[in-house]
């Protein structure tokens, strides 16, 4: 064989081996890194930067590498939920709770699926579990109030909407307080609860003369 041909053949072998090494090398070393990348891609505040398909691949890898990582199951469930695969989302939230019964976010997310299936008792149970684990989170109380409202239990709905409105007011979420007031009024016109919440809203500033 000609010397030039031998040299070219050696180069081809070396390059091929290098390419195979690059292709076979994993992108990240640990399940936690795959999880973090999956979360970053699925929850980026800039919608144009989100990539749910790639996020799902990363989270699948995280779960394969560490089948006991509860956070990865919850994050994967959120991706499934965003893509309207509620059966898969429900299974992932349930698995996350099996591994970490203290995960209030997973309870809330599973409760939302229960409510969408009109399993109101189960939805209330999940949201109650979320509230018990994060008592200062007004969203969980608000969501349970909405479930009670849809379930046809106005008294319980008003109680939750009032409690949620109070928590929203503490955080300065004026529009959320106003939403709670409107919902209470639709259920119980002239309710003292809505009047009390109105008193918590910031007073309009007087114009200087």
Selection from region 39-68 of residues surrounded by fewer than 18 Cβ atoms within 10 Å (Cβ to Cβ), part of a helix (DSSP H, G or I) and modelled with pLDDT of 95 or more yields 40, 52, 53, 54, 57, 60, 64
Scanning region 170-181 for residues that are assigned to a helix (DSSP H, G or I), touching a residue at least 24 places away in the same chain (Cβ under 8 Å) and surrounded by fewer than 21 Cβ atoms within 10 Å (Cβ to Cβ) gives 171, 174, 176
Across region 95-119, the tally of residues that are part of a helix (DSSP H, G or I) and surrounded by 15 or more Cβ atoms within 10 Å (Cβ to Cβ) stands at 16
Filter region 120-157 for residues that are within 17 Å of the chain's Cα centre (by Cα) and assigned to a loop (DSSP other than H, G, I, E, B); the one that is nearest to residue 169 (Cα to Cα) is 137
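Residue under question is residue 90, and the condition is that it be in contact with a helix residue (DSSP H, G or I) (Cβ under 8 Å, 6 or more places away or on another chain), in contact (Cβ under 8 Å) with a residue 12 or more places away in the chain, under 22 Å from residue 199 (Cβ atoms) and outside any loop (DSSP other than H, G, I, E, B); does it hold?
Taking the combined requirement at face value, the residue does not satisfy it.
The values are calculated or read from the model by the stated rules, or taken from the named source; none is laboratory data. Model, not experiment: these values are computed from the prediction. Note: ideal-geometry Cβ built from the backbone for every residue, glycine included; neighbour counts use all protein chains shown.
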